[in-house]
1. Tell me, please, whether a residue that is assigned to a loop (DSSP other than H, G, I, E, B), more than 18 Å from residue 184 (Cβ to Cβ) and touching a residue at least 40 places away in the same chain (Cβ under 8 Å) can be found in segment 254-266.
2. Quick one: residue 109 ticks every box in (1) over 21 Å from residue 167 (Cα atoms); (2) assigned to a loop (DSSP other than H, G, I, E, B) except a single one, so which number is it?
3. For segment 261-273, does any single residue satisfy the condition of being at pLDDT 95 or above, surrounded by fewer than 15 Cβ atoms within 10 Å (Cβ to Cβ), assigned by TED's automatic domain parsing to the domain that holds residue 166 and under 28 Å from residue 126 (Cβ atoms)?
4. Taking strands (runs of 3 or more DSSP E) that do not extend beyond segment 3-84, which have at least 1 residues that are at pLDDT 95 or above, assigned by TED's automatic domain parsing to the domain that holds residue 342 and within 20 Å of residue 327 (Cα to Cα)?
5. Quick one: in segment 162-182, which of the residues that are farther than 22 Å from residue 45 by Cβ and in contact with a strand residue (DSSP E or B) (Cβ under 7 Å, 6 or more places away or on another chain) is surrounded by the most Cβ atoms within 10 Å (Cβ to Cβ)?
6. Within segment 240-260, can you find the residues that are crowded, with 16+ Cβ neighbours inside 10 Å and either farther than 13 Å from residue 214 by Cβ or touching a strand residue (DSSP E or B) at 6+ places or on another chain (Cβ under 6 Å) (or both)?
7. Of all residues being assigned to a loop (DSSP other than H, G, I, E, B) and in contact with a strand residue (DSSP E or B) (Cβ under 8 Å, 6 or more places away or on another chain) in segment 210-238, which is nearest to residue 287 (Cα to Cα)? Just the residue, please.
8. Look at residue 53 and say whether it is farther than 25 Å from residue 307 by Cα, touching a helix residue (DSSP H, G or I) at 6+ places or on another chain (Cβ under 8 Å) and buried (at least 16 other Cβ atoms within 10 Å of the Cβ).
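The values are calculated or read from the model by the stated rules, or taken from the named source; none is laboratory data. The structure presented is a predicted model; accordingly, all values stated were derived computationally and were not measured. Cβ placement follows ideal geometry from the backbone for every residue including glycine, while neighbour counts extend to all protein chains displayed.
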């Protein structure tokens, strides 16, 4: 955790050096202040951090002569006398044996493998997932097969705001900017920027175990992300509060009172209902019609457990010893985020520990 925190600023500098500029800083759930970095376009509109970063990473890798094997599954870590020396992989028409002086696992978690999720946390049976169907824990299983120790495997995070029909994630940054959550009666029921587990539990406690997230036209105008949600049909639109209440099928008077109260509290800088301590600095007060709302409920989002590493990103075995030549970074690892990852820290994780893994693996190969 100390490594993650102390190297987070230099991670932002590194991203700048490859043309990835996370120039906007907002607030994510559980944070005490604005510290979640995200990109904006030339007009200043907020962009999705993942779809922004990945093409830049891909180009930077290609610029450094990295070879990609697409639609190719790694199946086994090759070992020689206890040292990682490559991987086996296969595609539809070719089997590969790739010999290497070091191996870095950056294969993600297992949030897309709902059977594996359920095996470690049975109470999550039946939940949808925000993860791609390919995020199935294969890297964790391969590492375990060569003696890696696994830690925190039952620590699986649910995200509060997920579209239940398809697992689409409604980003937490909207709530940090001023979006609110209301229940099926049209009333606010929680501090929207508490940690993800708490907000999720509060949603589950409401009737139908679901809620609505509401934004206004000003938020829509400033965010390509929200515009994307609307274009994909996730959000319902109301030209007035009355219109929004009708499409949401909630009480108009209750919703109007909720929004009026929110506008007043943001203006006063104090949340008298649920104690949000950031109202003096939220960017939007939801006073500008039309309005947009999306029905959400919690879904499986991030697996905090995985392969144990040290601060050099070397993979550890069950005896607390380093497995030579084997490194890991990102969600494939465990022990970084504890029981409840703070919003935004996954990006910090992959950059900080990804750089450490690359640097240390490169040094190792020259020994």
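1. no
2. The number of the failed condition is (1).
3. no
4. Because the criterion is at least 1 residues that are at pLDDT 95 or above, assigned by TED's automatic domain parsing to the domain that holds residue 342 and within 20 Å of residue 327 (Cα to Cα), the strands (runs of 3 or more DSSP E) in segment 3-84 that meet it are 73-80.
5. Of everything passing the filter in segment 162-182, 162 is surrounded by the most Cβ atoms within 10 Å (Cβ to Cβ).
6. 244, 248, 252, 258
7. 235
8. For residue 53, the condition - farther than 25 Å from residue 307 by Cα, touching a helix residue (DSSP H, G or I) at 6+ places or on another chain (Cβ under 8 Å) and buried (at least 16 other Cβ atoms within 10 Å of the Cβ) - is not met.
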